[in-house]
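**Student:** Below are the structure tokens for one structure; questions will follow.
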Amino acid sequence: MLLCMANNQQTRPGIGELAKDSARGRIGVVMGKVGGRTQIRPIGGGREWDAMPDKVAALSAREELSARLAVKNDNSRVGL
């Protein structure tokens, strides 16, 4: 899965960028915006969830690195 690096100059992540849903405490990839909500999918794949745009923020450099490393570690466990 190709993920775009977050642009630290903006506070609202765009489609394809990693984002944090502070209401749920989850991190995922922004998939789109529908009906006034932001759709986010877990980094490793799975079912999307809707988040209120004011609760969605770009990750800090440290959070992004940690999330990407978690994906790499998980992939290495399953042989990808």
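Derivation of every value follows stated rules applied to the coordinates shown; laboratory data play no part. These numbers come from a predicted model, not from an experiment. Quick reminder, even Gly has a Cβ in these numbers, built from the backbone with ideal geometry, and neighbours come from all protein chains shown.
**Student:** Which residue fluctuates the most in the chain, going by a Gaussian network model with Cα springs under 10 Å, if the choices are Gly32, Gly14, Gly46?
**Tutor:** Among Gly32, Gly14, Gly46, the largest GNM mean-square fluctuation belongs to Gly46.
**Student:** Gaussian network model of the chain, Cα springs within a sub-10 Å range: biggest mean-square fluctuation belongs to which of Arg47, Arg68, Arg26?
**Tutor:** Of the options given, Arg47 has the highest mean-square fluctuation.
**Student:** For the pair Thr11 and Val34, what calculated FRET efficiency results from E = 1/(1 + (r/R0)^6), where r is the Cβ-Cβ distance and R0 = 35 Å, to the nearest 0.05?
**Tutor:** Here the calculated transfer efficiency is 0.95.
**Student:** Once log10 I(q)/I(0) by the Debye sum over Cα atoms at q = 0.15, 0.19 Å⁻¹ is worked out from the coordinates, which option in [x] -0.73, -1.00; [y] -0.48, -0.75; [z] -0.66, -0.83 does it equal?
**Tutor:** Evaluating log10 I(q)/I(0) by the Debye sum over Cα atoms at q = 0.15, 0.19 Å⁻¹ on these atoms matches [y].
**Student:** List Lys20, Lys33 from most exposed to least, where exposure is judged by having the fewest other Cβ atoms within 10 Å.
**Tutor:** Fewest-to-most ranking of Lys20, Lys33: Lys33, Lys20.
**Student:** So what is the 222 nm mean residue ellipticity for the chain from helices alone, if each DSSP H run of at least 4 adds -39500 (n - 2.57) and you divide by all residues, rounding to the nearest 500 deg cm²/dmol?
**Tutor:** Estimated from H runs of four or more residues: -7000 deg cm²/dmol.
**Student:** Given points 7 Å out from each Cα along the Cα-Cβ axis, report the Arg41 to Arg26 separation in nanometres with one decimal.
**Tutor:** So the two model labels end up 1.4 nm from each other.
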